[in-house]
Amino acid sequence: MDIPANLKYSEEHEWIRTEGENVAYIGVTDHAQSELGEIVYVEVETVGEELSANDVFGTVEAVKTTSDLFMPVGGKVLEFNPALDENEGDDPTLINSSPYDKGWIVKIEMSDPEELKGLLDAQAYKALIG
């Protein structure tokens with residue numbers, strides 16, 4: 001199970017990678033995508049919205065189930081990954097094949113980067129999933 005040390009993790013199995021002071025990318029972990037199975041659809045209708053930590057920013061639909069996606073920190077949703085968007089690249093399986101790279105889901109502007117301190121590091125996330 002891949003758990004990169006440079007990311008922060010939520011207990012809901014989202015990861016966050018910061019770029020610069022306030023910009024971050026969010027996706028689902030390798031563990032989450034393996035539990036979900038093949039992802040067939042991703043829906044994000046919150047671009048342009050300001051959301052708080054733990055708010056739902058979208059959903060992923062797998063063959064077996066649909067799961068909500070939760071914001072690990074508060075911020076404004078700037079972009080939905082065009083490679084996942086059915087109106088653009090439409091390849092939601094990138095979340096399965098490349099969860100930490102090509103399979104990122106949204107780009108955000110964090111409202112309070114201090115919230116990152118409340119998230120799990122790689123070691124704590126590994127302990128969470130056992």
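Each reported figure results from applying straightforward, stated rules to the coordinates on display, with no laboratory input. Worth saying up front: this structure is predicted, and the values here are computed from it rather than measured. Methodologically, a virtual Cβ is constructed for each residue, glycine included, from the backbone with ideal geometry; neighbour enumeration extends over all protein chains shown.
Brief remarks follow.
- Given R0 = 22 Å, the distance between the Cβ atoms of V56 and E21 translates into a calculated FRET efficiency of 0.30.
- Of the residues N6, V40, V23, the one whose Cα sits farthest towards the positive end of the charge dipole of segment 1-62 is N6 (charges of +1 on Lys and Arg Cβ, -1 on Asp and Glu Cβ, taken about the Cα centre).
- The Rg/Rh ratio of segment 23-101, with Rg taken over Cα atoms and Rh as the Kirkwood radius over Cα pairs, comes to 0.93.
- Stretch gain in nm, segment T66-E86, where the contour uses 0.36 nm per residue and the Cα spacing is subtracted: 5.6 nm
- Subset of K8/K76; K64/K126; K8/K107 violating a 21 Å alpha-carbon distance limit: K64/K126
- Each peptide in 16-22, 93-99 was scored by the mean count of other Cβ atoms within 10 Å over its residues; highest first, the order is 93-99, 16-22.
- Among 54-64, 27-37, the order from most to least packed when residues are scored by Cβ within 10 Å on average: 27-37, 54-64
- When the helices of the chain are scored as -39500 (n - 2.57) per DSSP H run of n ≥ 4 and the total is divided over every residue, the value at 222 nm lands at -3500 deg cm²/dmol.
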